[in-house]
Amino acid sequence: MSSQTEQDQLSQQILETASGLYLKYGLKKVTMDDISKAVGKSRTSIYYYYKNREEVFQAVLDNLIKEVIAEIDANMKKRNTFEEKIKEFCISKVKTSEERSSFFRAIEAGMDNEERSKHIIGAHNQMMEAERNLLLNLFSASIKSNEIPTVTIEEQEAIIFILLSSIRGIRREMGLKNNFENLNNTVTTLTSMVIKHIS
């Protein structure tokens, strides 16, 4: 195994370990010592990759966002039509958010407003941007293949903003009631509204 691969693996191991510790103890209580002990490496080894707790946490968030986007993208690729892909995006978005909600609750516990603003809003904006790019790529490919009519970039941006805001609202409301039974029907309606609008 090359040393580069070993370094990549150790870096990933640090992030996975830190993520597990955050989930168990919350962000505030996890130190670099805790991470190094849990990984089974010296603090020096951890500092080689990450300068401080802040860098580790930011890397965990970045990694989480990449994972979620990759999962949503992979699910969308299993579908054939623009409409099916939009619907899949919405369903996958809700499912991936729900699967990781306990992690976000754990890291938010004990955060003050400044920390919440810095980390959680930052992660939210990063996720929105990654999702926006995923949907812009879908629009671009679907227009290029003549599956959907030409839609201006301004119109695409407006549709994507409405879609992302709607799916977050749907997830929040269903999550509050802890009832996702109507997710499929709700997403079908939302998707058909997008299709009618661009047709």
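The values are calculated or read from the model by the stated rules, or taken from the named source; none is laboratory data. Bear in mind that the values here come from a model prediction, so they are computed numbers and not experimental data. So basically every Cβ, Gly included, is an ideal-geometry build from the backbone, and we count neighbours across all protein chains shown. Quick note on the areas: whole protein, heavy atoms, side chains included, nothing else; ligands and nucleic acids left out. Shrake-Rupley method; radii C 1.70, N 1.55, O 1.52, S 1.80 Å.
Quick look at the values:
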{"item": "Condition check for residue 15: in a helix (DSSP H, G or I) and crowded, with 16+ Cβ neighbours inside 10 Å", "result": "yes"}
{"item": "Some residue of segment 91-107 being in a loop (DSSP other than H, G, I, E, B) and either within 16 Å of residue 171 (Cβ to Cβ) or free of Cβ contacts under 8 Å to residues at least 60 places away in the same chain (or both)", "result": "yes"}
{"item": "Segment 24-42, subset of a type in the set (Gly, Ala, Ser), surrounded by 13 or more Cβ atoms within 10 Å (Cβ to Cβ) and without any contact (Cβ under 8 Å) to a residue 60 or more places away in the chain, residue nearest to residue 58 (Cα to Cα)", "result": "36"}
{"item": "Pairs with Cβ under 7 Å, 6+ apart, first in segment 120-141 and farther than 18 Å from residue 91 by Cα, second of a type in the set (Asp, Glu)", "result": "120/108"}
{"item": "Test: residue 162 is aliphatic (A, V, I, L, M), part of a helix (DSSP H, G or I) and surrounded by 15 or more Cβ atoms within 10 Å (Cβ to Cβ)", "result": "no"}
{"item": "Per-region count, segment 63-76, residues open to solvent by less than 40 Å² (accessible area, probe 1.4 Å) and closer than 30 Å to residue 149 by Cα", "result": "5"}
{"item": "Complete set of residues in segment 43-62 that are of a type in the set (Lys, Arg) and either in contact (Cβ under 8 Å) with a residue 60 or more places away in the chain or crowded, with 16+ Cβ neighbours inside 10 Å (or both)", "result": "53"}
{"item": "Subset of segment 108-123 [open to solvent by less than 30 Å² (accessible area, probe 1.4 Å) and either over 17 Å from residue 164 (Cβ atoms) or not in a helix (DSSP H, G or I) (or both)]", "result": "111, 119"}
{"item": "Residue match in segment 170-178 (condition: modelled with pLDDT of 95 or more, open to solvent by less than 70 Å² (accessible area, probe 1.4 Å) and closer than 16 Å to residue 83 by Cβ)", "result": "no"}
{"item": "Verdict on residue 147 being open to solvent by 40 Å² or more (accessible area, probe 1.4 Å), on the phi < 0 side of the Ramachandran plot and touching a residue at least 24 places away in the same chain (Cβ under 8 Å)", "result": "yes"}
{"item": "Odd one out for residue 126, checked against (1) under 28 Å from residue 33 (Cα atoms); (2) open to solvent by 50 Å² or more (accessible area, probe 1.4 Å)", "result": "(1)"}
{"item": "Any hit, segment 22-30, residues being of a type in the set (Val, Ile, Thr), in contact with a helix residue (DSSP H, G or I) (Cβ under 9 Å, 6 or more places away or on another chain) and more than 18 Å from residue 115 (Cα to Cα)", "result": "no"}
{"item": "Per-region count, segment 77-90, residues in contact with an Asp or Glu (Cβ under 6 Å, 6 or more places away or on another chain) and either part of a helix (DSSP H, G or I) or open to solvent by less than 60 Å² (accessible area, probe 1.4 Å) (or both)", "result": "1"}
